[in-house]
Amino acid sequence: MRSIEPEHMGGRLAVVAVSLVASLWAPAFAAAPVHFECAPLSASTSRQPAYGPAPGQARCEGFYAKNVSQPFIEIVSLTRSLPDTWTAASDGRLDLRGTRKADLRLLIQPMRSNPLYRVDAALPHDTTIAWNTGTMLQATGLRLRDLGFLALVDRGTDRVVLAPVSIPAGGEAPLAYAVLRPSVDVSEIAWRHYRPGPPADPSAAWQKLSGGALFAWERVVLPIAMPADGHGLLIDVRALDGDHQALPLLEFAILGADDEAP
């Protein structure tokens, strides 16, 4: 996995107190009284467990089917610590945390293109959850280092809104590590960041990622310096395929530690 640092950071990388703790022991997350909707996916008909809801729990999990209709570049993980540095406890537990003020939807998925397996779960504000990695890792044959973590605002907005996941749950780090992945070979990747409005100013200069050429499904880690005032950023990522044709623009927002959900 390659790693590109922000403009002010030289070189390339080799790819709060807790007010409530919810224990999530395998094979499922802890029971929750709230209704939780699964993602609108087609459950696998050939692999088990097939994607679906865990009865009585704020969690969905399993294998699913997916059709790719056009080339794209996507974000598959956004965390406070560098990927490939996470260590689960001896019982397989991994402590995960979102933000102090925003209720989020946690997505755990392979950073590889396969297998098509995911976990969706509620990640309430100011809460640490302890996820047992065993069910997913045993079903897929993956390692912890292969997993990506996204915490999304589960509501309609103009662009995807994410919060960096703290792994292990703890203090706020000054960087957010975004893992990007194209579905086709790309010859160039560039990105820019700017503060939300009003008015948002997307005139910030594009920063080309050195060595930005990637094969299909290859990953690059983009460290993003988060503002010191506790508020977030808007991020745009553009990529050109092997024929120098632009892929659809990737746009997402990152919540700061003191931001509430939009």
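Overview of results
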{"read-out": "Every residue from region 182-211 that is at pLDDT 80 or above and among the acidic types (D, E)", "value": "D185, E188"}
{"read-out": "In region 65-93, the residues that are of a type outside the set (D, E) and either farther than 24 Å from P248 by Cα or touching a His at 6+ places or on another chain (Cβ under 6 Å) (or both)", "value": "R80, S81, L82, P83, T85, W86, T87, A88, A89, S90, G92, R93"}
{"read-out": "Residue in region 136-148 that is crowded, with 18+ Cβ neighbours inside 10 Å and in a strand (DSSP E or B) present", "value": "yes"}
{"read-out": "Qualifying positions in region 111-170 - within 27 Å of P196 (Cα to Cα), of a type outside the set (A, V, I, L, M, F, W, C) and within 13 Å of the chain's Cα centre (by Cα)", "value": "G148, P164, S166"}
{"read-out": "Pair list, Cβ < 7 Å and 6+ apart or interchain, from region 112-128 residues that are closer than 24 Å to V220 by Cα to residues that are among the charged types (D, E, K, R) and assigned to a strand (DSSP E or B)", "value": "V119/R59; V119/E61; D120/R59; D120/R105"}
{"read-out": "Evaluation of P55 against (1) more than 17 Å from the chain's Cα centre (by Cα); (2) within 23 Å of P124 (Cβ to Cβ); (3) modelled with pLDDT of 85 or more (one fails), failing number", "value": "(3)"}
{"read-out": "Filtered residues of region 74-103 (kept if at pLDDT below 95, within 14 Å of the chain's Cα centre (by Cα) and under 24 Å from P49 (Cβ atoms))", "value": "L96"}
{"read-out": "Members of region 203-245 found to be surrounded by fewer than 18 Cβ atoms within 10 Å (Cβ to Cβ), within 13 Å of I73 (Cα to Cα) and charged (D, E, K, R), listed by number", "value": "E218, D236"}
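The values are calculated or read from the model by the stated rules, or taken from the named source; none is laboratory data. Values in this document were obtained by computation on a predicted structure and should not be read as measured data. Cβ atoms come from the backbone with ideal geometry, glycine included; neighbour counts cover every protein chain shown.
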